Each structure stands twice: as structure tokens, then as C-alpha cells.
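The values are calculated or read from the model by the stated rules, or taken from the named source; none is laboratory data. Computed from a predicted model, the values in this text were never measured in an experiment. All Cβ positions, even for glycine, are placed from backbone atoms using ideal geometry, and neighbour counts span all protein chains on display.
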């Protein structure tokens, strides 16, 4: 079937329904969502552009572009027709950052089609993100006991917001996405239908300072709960707090009656990968980030 592809910038409100339908179909076929959470947050805030790709008046793809990054997908019903190549080439032709060699693109799932596009359009793999999963038991989860002088509590807003933003920035100072989270980003996520305050576990020391957290994410109707983001202050490294928080997070997912737990971790973070594997997590999928080499 012939016809040219056109891209149009759309506001999150007007594009919401066709975008969500397309993303849901892609997730069903591919086994994971075609856009990461930060891209969705930025598109919702207007700091990245949401593009809808149409052919003959039908939405056949979508892209989120901005801040030197690109993510896109083609509706599974319209694949194998060269539309992914067309969409990518339109974005590259109109992206000033790509001319500077600064455009980064995520391939969620490391699909063969993504590798082919990367090879033919001067993209090089620069980062590997692992998704790990494990089965959850029917009964209680054994875990590391809480060391003396600490207390665990759920997120309740107020001072928790600023304390979390500050600690998260320290813990992920070298992380390209997570370390830049703001109070506005947190507020955006708190408005999402999946947010549950009791799934956001905060660990404080005897002085009341926040020293660690385990934020869980459970999409409505899903049977898999995600260890969304977990962190411990470097000043308290080696005290078993990370393993304790993981145990508490898994126990909470069991309490909610879920079947599996999942998490994402950078492949180069060998210490974290070793911890998660020791807790029964195994490989599920791989995401690859590519950098465009420019013209």
C-alpha cells in the first residue's frame, strides 16, 4: 500500500485518545510499552513534543521528541511497510540536535527492526537497560530485618516531597534521567491513576532524615508490580538497607495479590544487578539506547 507519511505536533489533550490506543496495541504485541515514563511525563508537561504520524488520514505511528531524545513506534497493523524508516528520517531531517550528533533514541525490547534502523541510519548503541522479573509467592516474603535506629513509613506528601527530591538527586546524580526529577515531576506522577501513596515506602533514620526509599508502581488491572525506583543514601551504604527495602517492596506486592515483580536496571550497574539476581530476579527484556552520529 502506497502513500506518504506526515507528522504533526499534537497537544497531549487532543492526541490523548489516538495516542493511547496506538501505544496499547504496540504494548500488547511487543510485550512492553513503547515509551518510557519520563518521555510521557515530559510530553504531558510540554517540555517534549508529541508527534502523531498519519497516512491517508489514519494514525499509524507516534513519536516523542525533545531534550535531545527520541522514542517512536509504529502501529503493529502498519508494520513491515517502511513506515518506521520514513518516520525516523522525517525526525532526523527536522532535528537540530541530530545534526550536532546529540540525538539519543531508545529501542524498547531490542527488536531486530530497531537494530536494522540503527545500522542504516548511523546510530550506535551506548546503553543497555535490563528488565528483570521474578515470581511472587502466595505467602509472606522473608527479608532482612530493619536495623536499629530506622523506621519505615508510607509517603504522605508535605515534607516527603522535598526530602525525596533532594535524596533522589544525590542517589542518582550520575543517572541521565532519574537524577533530574523535580517536585513538578513527582506531582505529575502522583496524578496518574496508578499512584498509590502506600506503595511509596520511605526509610528515615533516628533524626528523621530520609535515607532510603522504594517506590512501587502497579498499573490498574495488571498482575505485575514494578519496583519503580529504589535508592539508599551513599552515607548508609553497606548497612543492608537496600536489601531491606527490596524485601519490604516485595512484601507489599504480595499483600496486593500480584503474581510477579519487575524492575529496570542499567546493565553496567553490576552491584545492583547482583543484588536483584540474589533475590530471584531473572532477565525478561532488554532496552537499548542509541546515539546518532550525525551527518
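In contact (Cβ under 8 Å) with a residue 12 or more places away in the chain, farther than 17 Å from residue 226 by Cβ and out of contact with any strand residue (DSSP E or B) (no Cβ under 7 Å at 6 or more places or on another chain): does that describe residue 170?
yes
For region 220-255, what are the residues that are under 18 Å from residue 194 (Cβ atoms), assigned to a helix (DSSP H, G or I) and in contact with a helix residue (DSSP H, G or I) (Cβ under 8 Å, 6 or more places away or on another chain)?
Matches in region 220-255: 252 only.
Residues that are part of a helix (DSSP H, G or I), within 22 Å of residue 142 (Cα to Cα), touching a helix residue (DSSP H, G or I) at 6+ places or on another chain (Cβ under 7 Å) and assigned by TED's automatic domain parsing to the domain that holds residue 177: does region 268-278 have at least one?
The answer is no; no qualifying residue exists.
Scan region 147-154 and give yes if some residue there is without any contact (Cβ under 8 Å) to a residue 40 or more places away in the chain and out of contact with any strand residue (DSSP E or B) (no Cβ under 8 Å at 6 or more places or on another chain), otherwise no.
yes
Can you tell me which residue within region 191-214, out of those that are within 19 Å of residue 178 (Cα to Cα) and without any contact (Cβ under 8 Å) to a residue 24 or more places away in the chain, is surrounded by the fewest Cβ atoms within 10 Å (Cβ to Cβ)?
This residue is 191.
Mind checking which residues of region 1-35 are crowded, with 19+ Cβ neighbours inside 10 Å and assigned to a loop (DSSP other than H, G, I, E, B)?
Selection gives 5, 34, 35.
Any idea how many residues of region 126-170 are loosely packed, with under 14 Cβ neighbours inside 10 Å, in contact with a helix residue (DSSP H, G or I) (Cβ under 8 Å, 6 or more places away or on another chain) and in a strand (DSSP E or B)?
Looking only at that region, the number is 1.
Residue 237 fails exactly one of the following numbered conditions: (1) within 22 Å of residue 274 (Cα to Cα); (2) in contact (Cβ under 8 Å) with a residue 24 or more places away in the chain; (3) out of contact with any strand residue (DSSP E or B) (no Cβ under 8 Å at 6 or more places or on another chain). What is the number of that condition?
Here residue 237 meets the rest and fails (2).
Considering 270, 285, which residue is closer than 30 Å to residue 95 by Cβ, modelled with pLDDT under 95 and surrounded by fewer than 19 Cβ atoms within 10 Å (Cβ to Cβ)?
The conditions single out 285.
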